[in-house]
Amino acid sequence: MEKKKIDEDGSGPSSPKPVDRFGFIKPESSNSPDNLKRSKSSGSEREKRRVQKWRKMIGVGGSDWKHYVRRKPLVVKRRIRKGIPDCLRGLVWQLISGSRDLLLMNPGVYEQLVIYETSASELDIIRDISRTFPSHVFFQQRHGPGQRSLYNVLKAYSVYDRDVGYVQGMGFIAGLLLLYMSEEDAFWLLVALLKGAVHAPMEGLYLSGLPLVQQYLFQFDLLVKEYLPKLGEHFSQEVINPSMYASQWFITVFSYSFPFHLALRIWDVFLYEGVKVVFRVGLALLKSCHDDLVKLPFEKLIHALRNFPEEVMDPDTLLPLAYSIKISKPLEELKLEYEKVHGKEGQSIIARGKQKQVLERNGSSSRNSKRAEKQKGESIKSPETILLKKVSLRRHFSHRKAEHDKLDGPVAQPVQELKRRDSQLMSRHATS
Amino acid sequence: MATIGHNNLNAKLVLLGDMGAGKSSVVLRFVKGQFLEFQESTIGAAFFSQTLAVNDATVKFEIWDTAGQERYHSLAPMYYRGAAAAIIVYDITTQESFSRAKKWVQELQKQGNPNMVMALAGNKADLEEKRVVLAEEARTYAEENGLFFMETSAKTAKNVNEIFYEIAKKLPRAQAPQNPAGMVLVDRQGDAARASSCCS
Ligand SMILES: Nc1nc2c(ncn2[C@@H]2O[C@H](COP(=O)(O)OP(=O)(O)OP(=O)(O)O)[C@@H](O)[C@H]2O)c(=O)[nH]1
Ligand SMILES: [Mg+2]
């Protein structure tokens, strides 16, 4: 009973707790370098100029962004790797993930999903709501705005894609997004990621059997053996495999149980460059501690792999190290190798439904037909493909005339709504 | 796998059970003596260890706390494979969690180590007013399936240490049949060792 009940603290303004710059309640004994860092980087002239550069690059409400990216993709990449200014992060994330386009193409859909639909996952979601970032001020208040929007986003997604539904881990991703954008924006970003608006779809992380988690762990295991052979050997001897320490890296893209300031920097790059950065950061973490890790026996090793030292977690040293690790080619090769044994993952919405039927009918012997079907849906999907989902949704709703009309509403209105929201967002961050 | 040294036993233990049943809370109570009203969901799995003294021997538990949601099922075998003991946790306030516990028992009976010591924990026993699973029902089920049963509360600490202690006592006894030649066990390091007297 040493730990107090958090809901008591969250219920009134009387007991403000010290929080870090991201809103996480500081553990009592914390002497994190958070404050030191802040005074160095924020508020300085350099920082101001950086934000200005970014604003120019984005344009009003993101109007110049696409143009800029097309003209100077490498400048964008470099700047993103340096970290997106916190006050612009939410907006830029939506631009680079393709979620903004999805939002514009699907006016009213989110509201439909939240208000009118029910999902089999609702109970699971409710059970997890107060267990997602319980130490963050935004999420800790029972039934407070944070918990409500988290519930809405997760529920909406579980309706949007009933095959995925709600899977533990998604809450941390949604929670991280909600600290930077509205519910609806967070929802579409989740869609963009899982359905693959810009990069390979992530839904395989959460589908039955966690196929993509299995694939990533397989790839990571072999990457460790290749890049850090001595450590790989030591892991084998101690019977340690990546699922013991890295599954949550992939499942939540470092948003679970990981220093938040570093997670954000990883997310900047992850949204622009794709999942490769998760592998790279994983390898960089191991590499930074390599000489200690190779000496540790099982138990200490497990502990060390979950608690990397603070100095290793500094984004400005860890991330450059991560980028120096070149893995594109081996990653692709290992994927093919994995697929040889297990069949392909990362499937399209349309192909999967059919495929599942085929699988269920024929058992595992249907691997070939499965593969053929998947090949069709394999390429990375454009927002247009994802829009298909809307069409089926619309059919789904067609018995409800009023809602149906809403789905067909003019696009102009949401654009304005977005602009308003963006300027709000910007000023909210600018003043905080 | 349980390995026996000089009166010291290392035992791999796995916690299984529905999401939110209280697996992490039970471990946290046992290992750190803490309880959090809002314990973060477990993603993947977490490792803990704790040593208990049982009579004149010590048992060091190497504990894997798994993620409870059905979707994570495919990751579980890695953690229960080779485990010497399992605690299957359900929440006395939900019937589904009890059904889920039964499924785990079946799975362990089929796939787990045949000498595994299995305990069934009806957790959240402090929430008597919300109880839906009767203790008698669970006890009968446990007896029929060769598990031992306790109702626990990670919140009040009721029966938490006890359940681990009970497992610790049962461990060497469960290991004995693996060594038909007698009681001399040799562990990985080659230490000659004897099962401690508590197993009689
Ligand atoms: N009242 C009461 N609440 C408990 C007890 N044990 C756990 N809880 C609460 O139940 C919730 C879930 O507990 P966890 O220990 O995280 O459950 P879990 O089985 O590890 O769940 P997953 O990690 O999702 O699989 C938490 O909010 C705990 O505070 C208990 O004995 N009594
Ligand atoms: Mg847990």
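The values are calculated or read from the model by the stated rules, or taken from the named source; none is laboratory data. On a predicted model such as this, the values are computed, not experimentally measured, just so you know. Reconstructed Cβ throughout: ideal geometry from the backbone, glycine too, with neighbour counts over all protein chains shown. Heavy atoms of the whole protein, side chains included, go into the accessibility calculation; ligands, DNA and RNA do not. Shrake-Rupley method; radii C 1.70, N 1.55, O 1.52, S 1.80 Å.
Chains B and A together bury roughly 3300 Å² of accessible area, counting both sides, with a 1.4 Å probe on protein heavy atoms only.
A dipole drawn for the range B:3-173 from +1 and -1 charges on Cβ atoms has a positive end, and of B:Ser25, B:Ser49, B:Phe148 the residue lying farthest that way is B:Ser49.
Heavy-atom accessible area with a 1.4 Å probe sorts B:Arg131, A:Arg71, largest first, into A:Arg71, B:Arg131. Computed 3J(HN,Hα) for the range B:15-26, one whole-Hz value per residue from the Karplus formula 6.51 cos²θ - 1.76 cosθ + 1.60 where θ = phi - 60°, is 9, 10, x, 4, 4, x, 5, x, 4, 4, 5, 4, glycine and proline marked x. Length available on full extension from A:Tyr323 to A:Asp163: 0.36 nm per residue minus the Cα-Cα distance, which gives 54.1 nm.
The mean number of partner chain beta-carbon atoms within 10 angstrom of a residue's beta-carbon across peptide B:66-79 is 4. With a 10 Å cut-off around each Cβ of A:245-253, the average count of Cβ atoms from other chains is 3.
By the gyration tensor of its Cα atoms, with a ≥ b ≥ c the square roots of the eigenvalues, what is the shape of the range B:3-173: rounded for a/c under 1.5, prolate for a/b over b/c, or oblate? Rounded shape, in that the Cα axes give a/c under 1.5. Just for the range B:3-173, what percent of DSSP beta bridges are antiparallel, to the closest 5? So the antiparallel bridges in the range B:3-173 amount to around 35 percent. For B:Val117, the amide hydrogen comes within under 5 Å of the amide hydrogens of B:Ala85, B:Ala86, counting only partners 5 or more places away or on other chains and with H modelled in the peptide plane. Using C-alpha pairs below 8 Å separated by at least 6 residues, the relative contact order for the range B:58-136 is 36 percent.
For the range B:64-123, a crude dipole built from +1 on the beta carbon of Lys and Arg and -1 on the beta carbon of Asp and Glu, taken about the Cα centre, is about 200 debye to the nearest 20. With all protein chains in place and ligands, DNA and RNA left out, the 1.4 Å accessible area ranks A:Val60, A:Val75, A:Val164 as A:Val60, A:Val75, A:Val164, largest first. Here the range B:43-58 is scanned for amide nitrogen atoms under 15 Å from the site 7 Å beyond the Cα of B:Ser74 along Cα-to-Cβ, giving B:44. Which residues does a label at A:Arg142 reach in the range B:89-117, if reach means a backbone N under 19 Å from a point 7 Å past the Cα toward the Cβ? Residues passing the 19 Å test: B:92-94.
Protection proxy ranking, highest mean first, for peptides B:139-146, A:204-211: A:204-211, B:139-146, where packing is the per-residue count of other beta-carbon atoms within 10 Å, averaged.
Working note: Karplus 6.51/-1.76/1.60 with θ = phi - 60° gives the range A:274-284 the couplings x, 5, 3, 5, 5, 4, 5, 5, x, 5, 5 Hz, where Gly and Pro are set to x. Only the Cβ atoms of Lys and Arg (+1) and of Asp and Glu (-1) were treated as charged; on that basis the dipole of the range B:3-173 about its Cα centre amounts to roughly 440 debye. Remark: accessible surface ordering of B:Glu129, A:Glu333 (largest first) is B:Glu129, A:Glu333, probe radius 1.4 Å.
Residues whose amide H falls under 5 Å from that of B:Asp91, counting only those 5 or more places apart or on a different chain, are B:Ser97, B:Phe98, B:Asn123, with hydrogens built in the peptide plane. Placing unit charges on the Cβ atoms of the charged side chains and taking the dipole of the range A:186-267 about its Cα centre, the candidate lying farthest along the positive direction among A:Met244, A:Trp267, A:Pro201 is A:Trp267. Peptide B:41-54 shows a mean partner chain C-beta count of 5 within 10 Å per residue C-beta. Inter-label distance, A:Lys225 to A:Leu123: 4.3 nm, where each label sits 7 Å from its Cα along the C-beta direction.
Using the Karplus relation 6.51 cos²θ - 1.76 cosθ + 1.60 with θ = phi - 60°, the per-residue 3J(HN,Hα) values for the range B:134-143 come to 6, 4, 5, 4, 5, 5, 4, 4, 4, 4 Hz, with x marking Gly and Pro.
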